[in-house]
Amino acid sequence: MEKLYDVSFEIAGPAAMFTRPDTGAAQVSYPAPTYSAAKGMFEAIARLKSAYIHPTKVEICAPVRFSKYVTNYGGPLRKADQIRERNSYQIPATILVDVCYRVYGVVKAASDAPKKINHLHALQEIFKRRLVKGQYYYTPCLGWSEFVPSYVGPFREGTCIEQTINLILPSMLHTVFDNPTDGQVKPKYRQNVKIISGVIEYAE
């Protein structure tokens with residue numbers, strides 16, 4: 001039986017946004033992180049060229065609470081006069097507030113191990129060491145980059161799963177790219193995704 005190199009961490013913050021692509025300009029968050037969002041959190045902490053961390057599940061450790069939010073947009077999709085006059089416009093959104101998650105994953109190979117080392121074990125150890133020390137490649141975020149966490153680290157004793165949360169999501173974005181590493185943009189969705197007793201599991 002192949003050995004699994006598992007990793008996990010806890011993340012919490014005052015706001016989160018895991019955007020549902022089907023909600024258009026007035027964006028609405030999923031009630032839990034997507035697979036891609038969880039993978040991005042792992043990669044913010046540790047990464048290797050030949051291996052990656054595959055998220056397996058997330059435990060929701062705070063009630064699912066939504067709130068209205070407005071952000072200013074200053075990108076290229078503004079009207080010509082807004083760009084010319086350097087004006088931004090406001091975009092309404094429905095975000096999550098006061099979130100807390102426990103995120104689990106396993107290390108998988110993206111390519112052959114360099115110099116025949118155990119790169120799966122190496123990435124596991126690098127992740128654990130950097131998590132404890134609070135070292136990141138970039139600040140992990142809760143969906144949108146401006147939603148920085150108030151805590152990222154090992155599991156805390158007082159954290160527990162919100163077991164009353166039971167939902168079925170008719171459709172949920174799974175991945176944005178067609179490969180775990182060096183992929184092309186090709187979104188993949190999952191249907192009838194279940195959150196059971198506060199736990200969402202990610203399919204392969």
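The values are calculated or read from the model by the stated rules, or taken from the named source; none is laboratory data. In this text the structure is predicted, and so the values were computed from the model without any measurement. Because the Cβ atoms are built from the backbone with ideal geometry, glycine has one as well, and the counts that use them run over all protein chains shown.
Take the residues in segment 89-122 that are of a type in the set (A, V, I, L, M) and under 25 Å from residue 203 (Cβ atoms); name whichever of them is surrounded by the most Cβ atoms within 10 Å (Cβ to Cβ).
As a first pass, look at segment 89-122 and keep what is of a type in the set (A, V, I, L, M): 91, 93, 95-97, 99, 103, 106-107, 109-110, 113, 117, 120, 122.
Imposing the further condition that a residue be under 25 Å from residue 203 (Cβ atoms) reduces the set to 96, 99, 103, 106-107, 109-110, 120.
Values: 96: 26, 99: 29, 103: 23, 106: 15, 107: 24, 109: 14, 110: 16, 120: 22.
Per the stated criteria, the residue is 99.
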* **Every pair of residues 6+ apart whose Cβ atoms lie under 7 Å, when the first sits in segment 70-84 and is among the basic types (Lys, Arg) while the second is part of a loop (DSSP other than H, G, I, E, B) and surrounded by 10 or more Cβ atoms within 10 Å (Cβ to Cβ)** => none
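Could you look through segment 34-73, keep only residues that are part of a loop (DSSP other than H, G, I, E, B) and β-branched (Val, Ile, Thr), and pick out the one that is surrounded by the fewest Cβ atoms within 10 Å (Cβ to Cβ)?
Residues of segment 34-73 part of a loop (DSSP other than H, G, I, E, B): 34, 46-50, 61-65.
Filter again for β-branched (Val, Ile, Thr), leaving 34, 64.
Values: 34: 25, 64: 19.
The extreme case among them is 64.
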* Structure fact -> Counting only strands (runs of 3 or more DSSP E) wholly inside segment 87-204, the ones holding at least 2 residues that are among the charged types (D, E, K, R) are 89-109, 185-196
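Scanning for something more than 30 Å from residue 129 (Cβ to Cβ) and of a type outside the set (Lys, Arg), does segment 31-48 turn up at least one residue? Give the derivation first.
Our first condition is that a residue be more than 30 Å from residue 129 (Cβ to Cβ); within segment 31-48, this holds for 31.
Checking which are of a type outside the set (Lys, Arg) leaves us with 31.
The answer is yes; a qualifying residue exists.
State all residues of segment 1-29 that are among the aliphatic types (A, V, I, L, M), modelled with pLDDT under 95 and either surrounded by 13 or more Cβ atoms within 10 Å (Cβ to Cβ) or within 15 Å of the chain's Cα centre (by Cα) (or both); if no residue qualifies, say none.
none
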